[in-house]
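The values are calculated or read from the model by the stated rules, or taken from the named source; none is laboratory data. From a predicted model like this one, the values you see are computed outputs, not experimental measurements. Note that each Cβ is placed from the backbone with ideal geometry, even for glycine, and that neighbours are counted across all protein chains shown.
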Amino acid sequence: MAQESDLDSTVRLRIRGLRQARGWSLDNLAERAFLSPSTLSRIETGHRRISLDQLTSLARALGTSLDQLVASVDDDDIVIRPQRDEQRGVTTWLLSRGPGPSGATVAKMRITQEARRDGTDELGVHPGKDWFTVLSGTVTLLLGERTIHVETGQAAQFSTMIPHAIKAHGGPAEILVILDHDGERSHLHPPA
């Protein structure tokens, strides 16, 4: 019940805020939404329940969608929380909500696990290309038989059909990575 009341209050604040941001009076919005100014005033102040047809009319008049007007007040769609994988030494912040228009996923990764000195690191292969830029620290890119150090401010792009792994070098490193669907599956959701 409290969450419903919070959403109701938020919707009312959104209506008033959008109206004021457009520089409209109650009369201006009421006319555009085919409501009386007194009805709109009572809606904004919480003295009247909002019907679905009124919400639809208000959303249209305010130039927004009904979905945006009644979007959840939960902060999960705003705050990006880290996902830690202690075994792999990686913390990931998934910056894109679902794949983008080209199917790409953007993530920030903090890598703490360094390459093994004995060369026994497990290298993965998947179709496509990976791209990353180093935000801080230095990254060791194990690419087939090659070991490449990529430093802060540098970027790398490579075919992922070459066995590869991304590790920290000389301490934790943070990267911004763009992955296609296969890269996302391999790097962000590795098999257990």
In the stretch 5-34, what residues are assigned to a helix (DSSP H, G or I) and hydrophobic (A, V, I, L, M, F, W, C)? Leu7, Val11, Leu13, Ile15, Leu18, Ala21, Leu26, Leu29, Ala30, Ala33
List the helices (runs of 4 or more DSSP H) that sit entirely inside the stretch 35-90 and contain at least 1 residues that are under 28 Å from the mean Cα position of the chain (by Cα) and more than 30 Å from Arg116 (Cβ to Cβ). 52-62, 66-69
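Mind listing just one residue for me: the one in the stretch 114-160 that is of a type in the set (Asp, Glu) and in a strand (DSSP E or B) and, of those, farthest from Glu184 (Cα to Cα)?
Restricting attention to the stretch 114-160, the residues satisfying the condition of being of a type in the set (Asp, Glu) are 114, 118, 121-122, 130, 145, 151.
Filter once more, keeping what is in a strand (DSSP E or B): 114, 130, 151.
Working: Glu114: 21, Asp130: 9, Glu151: 23 Å.
Once the filter is applied, the top-ranked residue is Glu151.
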Cross-chain or 6+ apart pairs with Cβ under 7 Å, the stretch 41-59 first and under 11 Å from Leu69 (Cβ atoms), then exposed (fewer than 15 other Cβ atoms within 10 Å of the Cβ) and among the polar types (S, T, N, Q): Ala59/Ser65
Tell me, which residue of the stretch 52-104 that is closer than 30 Å to Asp121 by Cα and touching a helix residue (DSSP H, G or I) at 6+ places or on another chain (Cβ under 8 Å) is modelled with the lowest pLDDT? Pro99
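I need the full set of residues from the stretch 107-165 which are acidic (Asp, Glu), over 22 Å from Glu86 (Cβ atoms) and in contact with a Ser or Thr (Cβ under 9 Å, 6 or more places away or on another chain), in order please.
Asp130, Glu151, listed by residue number.
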Would you be able to say whether some residue in the stretch 181-191 is at pLDDT 95 or above, assigned by TED's automatic domain parsing to the domain that holds Arg117, in contact with a strand residue (DSSP E or B) (Cβ under 6 Å, 6 or more places away or on another chain) and of a type outside the set (Val, Ile, Thr)? no
For the stretch 45-56, which positions are within 17 Å of Leu18 (Cα to Cα) and surrounded by fewer than 18 Cβ atoms within 10 Å (Cβ to Cβ)? Thr45, Gly46, Leu55, Thr56
Pick from the stretch 161-189, criterion of a type in the set (Val, Ile, Thr) and under 14 Å from Thr112 (Cβ atoms), ranking: farthest from the chain's Cα centre (by Cα): Ile166
